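Just so you know, all these numbers are worked out from the coordinates, no wet-lab data involved. All of these numbers come straight from a predicted model, not from anything done at the bench. Don't worry about glycine lacking a Cβ; one is built from the backbone with ideal geometry, like all the others, and counts go over all protein chains shown.
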Amino acid sequence: RGLGDVYKRQPYGYRFKNDNLVVVPEQAEVVRQIFQWRIEGRQYRQIRDELRRRGTKTPRGGQWQHSTLRMIVNRSLYAGFREHDGEYRPAPHEAIVSVETFNQAQQVFRGPGDRRLNASKCIRLPA
């Protein structure tokens, strides 16, 4: 099964090459910064505003939305994993963030209206 069957669109931070995902360095830096800001406790709205201020374009060349940022932070793809049948499995592509960074970003409070931790999104790996 080719990547076009798995991913409807090319994920931000990657490009398709010979049916593989390859890291795009400039976009990968943006992804790492998004994760870092989230770990620091910034809300998606604040991250969105900062990316807009810097003139950073979205995957489609438009303005960032908080929903796009949430999707990036919640995708195990960026830690080098794919979810299959409710389990996380290593993917063949290079990770942009570490599993530790991904898990830390999942633990950040969602906002004043939702104080639940998103612990269920953590990738559990054998020690």
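Some values worked out for this structure:
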read-out	value
GLU50 paired with SER98, simple spin-label distance in nm, labels 7 Å along Cα-to-beta-carbon	2.0 nm
Estimated FRET transfer efficiency when R0 is 35 angstrom, pair HIS66-ASN18 (beta carbons, to 0.05)	0.55
FRET efficiency estimate (nearest 0.05) - Cβ-Cβ, ARG89 to THR58, R0 35 angstrom	0.80
Amide H within-cut-off set for TYR14, under 5 Å, with H built and near neighbours excluded	VAL24
By average C-beta atoms within 10 angstrom, highest first, the peptides 92-102, 71-81, 47-57, 15-25	71-81, 92-102, 47-57, 15-25
Furthest towards positive pole of dipole, VAL99, GLY86, PRO11, structure part region 6-112, Cβ charges	PRO11
Region 28-90 - convex hull of the alpha-carbon atoms, volume per residue in Å³	97 Å³
